[in-house]
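First up is the structure itself, then whatever we jot down about it.
The values are calculated or read from the model by the stated rules, or taken from the named source; none is laboratory data. Predicted model only: the values in this text are computed from it and were never measured. Cβ sites come from the backbone with ideal geometry, for glycine too, and all protein chains shown count toward neighbours. Side chains are part of the model used for accessible areas, which takes the heavy atoms of the whole protein and leaves out ligands, DNA and RNA. Shrake-Rupley method; radii C 1.70, N 1.55, O 1.52, S 1.80 Å.
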Amino acid sequence: MRLGTQARYVCVMMSKTLLPSPEATAAFAKRLAAELTPGDTLLLEGLLGSGKSHFARSVIHALQANADQPPEDVPSPTFTLVQTYIAGTAEIWHADLYRLTASDEVFELGLDEAWQTAICLIEWPDRLGDAAPAGAVTLTFAHTDDDDKRTLMITGPDVPLRTKIEGALYD
């Protein structure tokens, strides 16, 4: 990747684990939520029904519980594209970009600003193209032969968010 006249190389790391049940996925989301702060962006990949929305819903509910707030209904933002929530003083943006047709539509939604000020959970991040924030980490959920189990692959640069994710996995 070239920036100006100097080359900058970004180390991308990958790790993989098994989430044995929806309850284990929710528990991981709860542990991770305790570490998330505004400016953290999670890119959630996977086929339909792989657990992206379940994970996002679990993170949002945990953030609200940590702020002593009752859990809100968290519908998939497939048709609205973005749903926002408040947990204490933190704003949470849950986006489903499946219906975007061009990556520049991200800017019309205001996601580029939210990446700086909110906790962002982005489903179908491939629609971002090159617009994805540099410090984002990708969580890829995949089906297994067992309907309840999911494989989770973590990909991204060696940034503090990645450390938070891996710490929450192995607690």
How many residues does segment 156-166 hold that are open to solvent by 40 Å² or more (accessible area, probe 1.4 Å) and not basic (Lys, Arg)? 4
Which residue out of 167, 156, 135 is part of a strand (DSSP E or B), in contact (Cβ under 8 Å) with a residue 40 or more places away in the chain and more than 17 Å from residue 56 (Cα to Cα)? 156
Of all residues making up segment 44-76, the number that are among the charged types (D, E, K, R) and under 18 Å from residue 138 (Cβ atoms): 2
Hey, which of the strands (runs of 3 or more DSSP E) in segment 16-104, taking only ones fully inside, have at least 1 residues that are of a type in the set (Asp, Glu)? 41-45, 90-96
Of (1) loosely packed, with under 15 Cβ neighbours inside 10 Å; (2) within 16 Å of the chain's Cα centre (by Cα), residue 130 fails just (2)
Within the bounds of segment 95-111, is there any residue that is of a type outside the set (S, T, N, Q) and under 22 Å from residue 28 (Cα atoms)? yes
